[in-house]
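The structure under discussion appears below in the form of structure tokens.
The values are calculated or read from the model by the stated rules, or taken from the named source; none is laboratory data. What you see is a predicted model; the values in this text were computed from it and never measured. Positions of Cβ are backbone-derived with ideal geometry, glycine not excepted, and every protein chain shown enters the neighbour counts. Please note that ligands, DNA and RNA were not included when accessible areas were found on the heavy atoms of the full protein model with its side chains. Shrake-Rupley method; radii C 1.70, N 1.55, O 1.52, S 1.80 Å.
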Amino acid sequence: GIDYFGNWKALHYKAKKAFENVLISSYEKDGILKVYLVNDTFSEIKNNLIINHLDFFGNVLSVNSIPVISHSNSSAIVYEFPINKLEFPLKNSVLKLNFGEAEFLHYFVKPKNLMLQQGEITTEIIQNETGFSVVLRSETLQKDVFLANNSKGKWEDNFFDLLPNKSKTVRFFTENKNPPIISIKTLNQLILK
């Protein structure tokens, strides 16, 4: 999970996310989508599960809010619904599931079958006390965004999906005082239309 220079690879970032104390995941079988909530804390959590169905340009297709009680040290199905009876585009939409700070994106088809769009990711680099903050934004969903740079340091987060028309700020921890020169790779760049 770490390269020769000590930089985290995509695997390392995914593993870090997989060990969060509160996780949302989903499983689809026979046209039924089941949403799981894992609570590895020692406290009961009461909150709403927010389900946003979005297209790849950020248009809201539907919103649903369900009150959920997540018991301590538990894993449970908190929501399920038949997706085979719903009429919406599978290849260019995503379910954004939120429970408090936890977030999960469910895609209805494999990444290679997504109708991803080409689009620019704008960046704004802001110096702070621990290095730099990088603000990313795109008008279309960007799948598997991976940030690289020319400076020694560590990203707070990497290898993530950037939702359309939503800013995401990622901190880059470094002792270097010069702004990093950032290169960005995404799955969108690899898909031919």
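Between residue 44 and residue 109, how many nm apart are label points set 7 Å from Cα along the C-beta direction?
4.4
Might you tell me the accessible area per residue for the chain, computed with a 1.4 Å probe and given in Å²?
61
For the chain, what Kirkwood radius comes out of the mean inverse Cα-Cα distance, in Å?
18.3
Can you work out ³J(HN,Hα) from phi for every residue in the stretch 67-84, in order, using Karplus 6.51 cos²θ - 1.76 cosθ + 1.60 and θ = phi - 60°, giving whole Hz and x for Gly and Pro?
x, 9, 10, 9, 6, 4, 6, 9, 9, 8, 6, 10, 6, 8, 7, x, 7, 6
When the accessible area of the chain is split by element with a 1.4 Å probe, what percent falls to carbon and sulfur?
Here carbon and sulfur together make up 52 percent of the probe-accessible area.
Multiply the residue separation of residue 7 and residue 133 by 0.36 nm, subtract the distance between their alpha-carbon atoms, and state the gained length in nm to one decimal.
43.6 nm
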